[in-house]
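Following: one structure in structure tokens, then a few remarks.
The values are calculated or read from the model by the stated rules, or taken from the named source; none is laboratory data. Predicted model only: the values in this text are computed from it and were never measured. Virtual Cβ from ideal backbone geometry, glycine too; neighbours counted across all protein chains shown.
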Amino acid sequence: MLYLSDISVTFNEDTPDEKKALQDINLTLEQGEFVTVIGSNGAGKSTLMNVVSGSLKPDIGTVKINNKDVTPLPEFKRSNYIGRVFQDPMAGTAPSMTIEENLAMAYARNKKRRFRIGVTKKRRELFREYLNTLHLGLEDRLNAKVGMLSGGERQALSLLMATFTEPNILLLDEHTAALDPSRAELITKLTGDVVEKFHLTTLMVTHNMQQALDLGNRLIMMDKGQIILDVSGEEKQDLTIEKLLQEFQRIRGEQLVNDRAVLG
Amino acid sequence: MFFSMFGAVESGIIFAIMALGVYLSFRVLDFPDLTVDGSFVTGAAVAAMCIVNGVSPIIATVLAAVAGFVAGNITGILNTKGKINPLLSGILMMTALYSINLRIMGGSPNIPLLNEPTVFNFLETAWEKTGIDQFLNGLLTSIGVEVVPGTWIVIFVMIIITVIVKLITDYYLKTEIGLALRATGDNEKMIRSLSANTDTLKIVGLGFSNGLVALSGALIAQNDGFVDLKSGIGMIVIGLASVIIGEALFGKKTIVRTTLAVILGAIVYRMVVTAALKVDFLETGDMKLISAILVVAALVTPKVIATVREQKRRQRKRIDLNNKAKGA
């Protein structure tokens with residue numbers, strides 16, 4: 001489904017600031033696999049997301065989606081296959097447009113956009129049904145400007161917009177990190193529901209270890225641009241934060257010094 | 001007074017099409033596009049040269065709009081493919097167009113159109129048969145207006161063209177492509193993640209915008225009876241004034257309402273300028289200054305009003321609280 005081979009990315013090459021953001025990453029996600037990615041700041045998680053989404057081109061290496069080599073495709077073309085939710089709740093929606101208009105734009109993600117009306121009666125009904133599943137009452141506010149919604153509501157809408165067209169790959173980039181705990185919990189729950197409902201192949205970056213353990217059926221840990229731990233199945237279910245920290249220490253021979261990661 | 005206001009409304013409706021173009025770039029695409037100063041004259045020049053050389057005025061007007069479309073495309077390409085800052089792309093294109101316009105006009109900075117056919121006198125014979133002029137002027141005379149307009153045809157033709165342009169714009173902004181265009185100005189990162197090619201959208205969007213500006217230029221030239229190479233100077237400010245005044249006075253809740261507000265804003269702007277020029281110590285040369293002051297006023301006033309309102313609201317709350325405390 002998603003196939004990354006020998007991906008390397010270096011920033012500021014041949015300068016004192018040189019940083020190997022990704023080093024020979026090999027990763028394959030099967031259809032329906034839900035992978036959570038953890039690691040401290042600068043481990044390469046966001047770079048990995050950007051390489052998959054196409055907003056960053058790898059120095060070397062190949063990205064394949066559905067056995068199609070998408071490495072040379074620009075971001076907007078790759079978005080045909082990819083749904084994405086950003087960390088910033090403001091990033092995933094257009095604030096001065098209405099809820100139904102935002103959904104109509106998401107609806108057109110994997111189709112060719114034409115000179116025909118974006119929000120038709122039929123589609124409005126469809127959008128209402130989808131909004132219903134969020135249980136936030138947004139289905140009664142189809143004509144409200146998205147800028148009027150709260151951060152949690154906007155993020156829930158972004159999640160819906162990224163998923164209801166059933167993308168081949170779903171990318172979640174710390175999408176609950178900017179929300180308060182109760183909203184974050186709601187979005188986490190919605191994420192689990194929607195991924196299960198559409199059986200989506202998902203890559204989720206998080207700083208919250210508990211969230212990484214609760215969600216998904218596979219977990220990878222990154223450090224200094226490499227994947228240092230990759231567990232799935234029963235082994236993942238038995239994981240705890242304690243074990244993860246110990247594991248990190250065993251592999252790296254040092255403490256995982258990151259407040260957010262430890263506290264989370 | 002009536003006569004000069006009649007002229008103001010007449011040219012206001014023609015300039016409204018230019019204002020709609022500015023609305024598309026400035027508001028919808030969030031792209032302050034200075035190409036307008038050049039593309040307005042491009043439209044006028046192309047139409048004039050075509051008409052002088054015997055092309056039908058309607059085809060000439062369409063060709064003018066196409067020329068403006070291309071000019072906007074080039075600004076868009078400079079910005080997206082050349083990665084040049086939006087303001088600078090517009091300034092560069094505007095500067096280049098000055099020379100290009102002179103070339104189109106065959107090296108002469110002024111082309112008269114006085115005895116040439118135009119889209120307005122094209123319909124004149126048919127118009128005279130309807131007798132609307134006599135009827136409306138009769139009405140005016142009966143209510144005591146002494147100097148009546150020569151013909152109403154320009155206003156009627158322009159209302160029809162402007163309404164058509166408005167309806168097309170409204171429809172366009174609601175299509176799938178139109179939604180993506182609006183999102184490009186609203187949240188570019190987001191619409192790119194929804195598989196829209198924002199570069200193409202900007203290039204096409206600026207094309208539409210400048211196409212309307214050039215269309216307006218072509219119609220103004222035919223109404224005025226001449227093209228002047230320098231007539232585009234300050235056009236962007238007039239466009240901005242119309243958009244901002246219109247939005248402030250008539251609201252911008254929906255697209256349909258905003259485009260109407262922009263058209264009315266263009267007419268109000270013309271009327272205000274005409275009224276201002278009636279003041280004794282102001283001269284025609286002060287028009288640009290008046291435009292600039294109008295834009296500043298339209299930008300600042302709504303914010304001042306909102307601040308004062310908010311202060312009053314808080315004051316009222318505090319007084320209420322004090323009164324309650326006293327009561328208790």
Quiz item: What is the number of the single condition among (1) closer than 23 Å to A:Leu172 by Cβ; (2) assigned to a loop (DSSP other than H, G, I, E, B); (3) in contact (Cβ under 8 Å) with a residue 24 or more places away in the chain that A:Leu142 does not meet?
Solution: (1)
Quiz item: Which one of these is closer than 30 Å to B:Thr274 by Cα and either buried (at least 24 other Cβ atoms within 10 Å of the Cβ) or touching a strand residue (DSSP E or B) at 6+ places or on another chain (Cβ under 7 Å) (or both): B:Leu102, B:Leu20?
Solution: B:Leu20
Exercise. Identify all residues within the stretch A:195-212 that are in contact (Cβ under 8 Å) with a residue 60 or more places away in the chain and surrounded by 20 or more Cβ atoms within 10 Å (Cβ to Cβ); write none if there are none.
Key: A:Val195, A:Leu200, A:Thr201, A:Thr202, A:Leu203, A:Met204, A:Val205, A:Thr206, A:His207, A:Met209, A:Gln211, A:Ala212
Exercise. For the stretch B:75-87, name all the residues that are surrounded by fewer than 21 Cβ atoms within 10 Å (Cβ to Cβ) and either of a type in the set (Gly, Ala, Ser) or under 15 Å from B:Val36 (Cβ atoms) (or both).
Key: B:Gly82, B:Leu87
Self-check item: Selection status of B:Phe250, closer than 21 Å to B:Val9 by Cβ and of a type in the set (Phe, Trp, Tyr)
Solution: yes
Quiz item: Across the stretch A:169-187, which residue is farthest from the chain's Cα centre (by Cα) among those that are under 13 Å from A:Glu153 (Cα atoms) and assigned to a helix (DSSP H, G or I)?
Solution: A:Ser182
Quiz item: Is it fair to say B:Ser142 is without any contact (Cβ under 8 Å) to a residue 12 or more places away in the chain, within 14 Å of another protein chain (Cβ to nearest Cβ) and either touching a His at 6+ places or on another chain (Cβ under 7 Å) or among the small types (Gly, Ala, Ser) (or both)?
Solution: no
Quiz item: Of all residues in the stretch A:61-81, how many are within 14 Å of another protein chain (Cβ to nearest Cβ) and of a type outside the set (Phe, Trp, Tyr)?
Solution: 9
Practice problem: State yes or no: is B:Leu240 modelled with pLDDT under 95, more than 13 Å from every other protein chain (Cβ to nearest Cβ) and buried (at least 20 other Cβ atoms within 10 Å of the Cβ)? | Solution: yes
Exercise. Within the stretch B:194-214, track down each residue that is among the small types (Gly, Ala, Ser) and assigned to a helix (DSSP H, G or I).
Key: B:Gly205, B:Gly207, B:Ser209, B:Gly211, B:Ala214
Self-check item: Scan of the stretch B:250-287 for residues that are in contact (Cβ under 8 Å) with a residue 12 or more places away in the chain, of a type outside the set (A, V, I, L, M, F, W, C) and assigned to a helix (DSSP H, G or I), ordered by number
Solution: B:Thr258, B:Thr259, B:Gly265, B:Tyr269, B:Arg270, B:Thr274
Exercise. Restricting attention to the stretch B:44-64, report how many residues are of a type in the set (Gly, Ala, Ser) and assigned to a loop (DSSP other than H, G, I, E, B).
Key: 2
Quiz prompt | Lone qualifier among B:Ile191, B:Ile164, B:Ile160, B:Ile177 - being without any contact (Cβ under 8 Å) to a residue 60 or more places away in the chain, within 13 Å of another protein chain (Cβ to nearest Cβ), in a helix (DSSP H, G or I) and closer than 26 Å to B:Phe40 by Cβ | solution = B:Ile177
Self-check item: From A:Ile82, A:Ile7, residue being over 30 Å from A:Glu139 (Cα atoms) and buried (at least 23 other Cβ atoms within 10 Å of the Cβ)
Solution: A:Ile7
Quiz item: How about the stretch A:222-264: which helices (runs of 4 or more DSSP H) wholly inside it have at least 2 residues that are farther than 16 Å from A:Met209 by Cα and modelled with pLDDT of 85 or more?
Solution: A:233-237
Quiz item: Can A:Ser158 be described as in contact (Cβ under 8 Å) with a residue 24 or more places away in the chain and either small (Gly, Ala, Ser) or surrounded by fewer than 18 Cβ atoms within 10 Å (Cβ to Cβ) (or both)?
Solution: yes
Exercise. Those residues that are loosely packed, with under 15 Cβ neighbours inside 10 Å, touching a residue at least 24 places away in the same chain (Cβ under 8 Å) and of a type in the set (D, E, K, R), I need them from the stretch A:14-57; list them, please.
Key: A:Asp24, A:Glu30
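Conditions (1) exposed (fewer than 14 other Cβ atoms within 10 Å of the Cβ); (2) at pLDDT below 95, marked per residue:
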| residue | (1), (2) |
| --- | --- |
| A:Asn102 | no, no |
| A:Ala108 | no, yes |
| A:Arg114 | yes, yes |
| A:Ile117 | no, yes |
| A:Asn132 | yes, yes |
| A:Glu139 | no, yes |
| A:Gly151 | no, yes |
| A:Thr165 | no, yes |
| A:Leu170 | no, no |
Quiz item: So is B:Lys253 of a type in the set (D, E, K, R), closer than 30 Å to B:Lys81 by Cα and over 15 Å from the mean Cα position of the chain (by Cα) or not?
Solution: no
Quiz item: Of the residues that sit in the stretch A:1-44 and are in contact with a helix residue (DSSP H, G or I) (Cβ under 8 Å, 6 or more places away or on another chain) and of a type in the set (Ser, Thr, Tyr), which one is modelled with the lowest pLDDT?
Solution: A:Ser40
Exercise. For the stretch A:85-96, name all the residues that are facing chain B (nearest Cβ under 7 Å) and surrounded by fewer than 22 Cβ atoms within 10 Å (Cβ to Cβ).
Key: A:Ala91, A:Pro95, A:Ser96
Exercise. Might you check whether a residue that is closer than 19 Å to A:Ser46 by Cα and touching a residue at least 12 places away in the same chain (Cβ under 8 Å) occurs anywhere in the stretch A:236-249?
Key: no
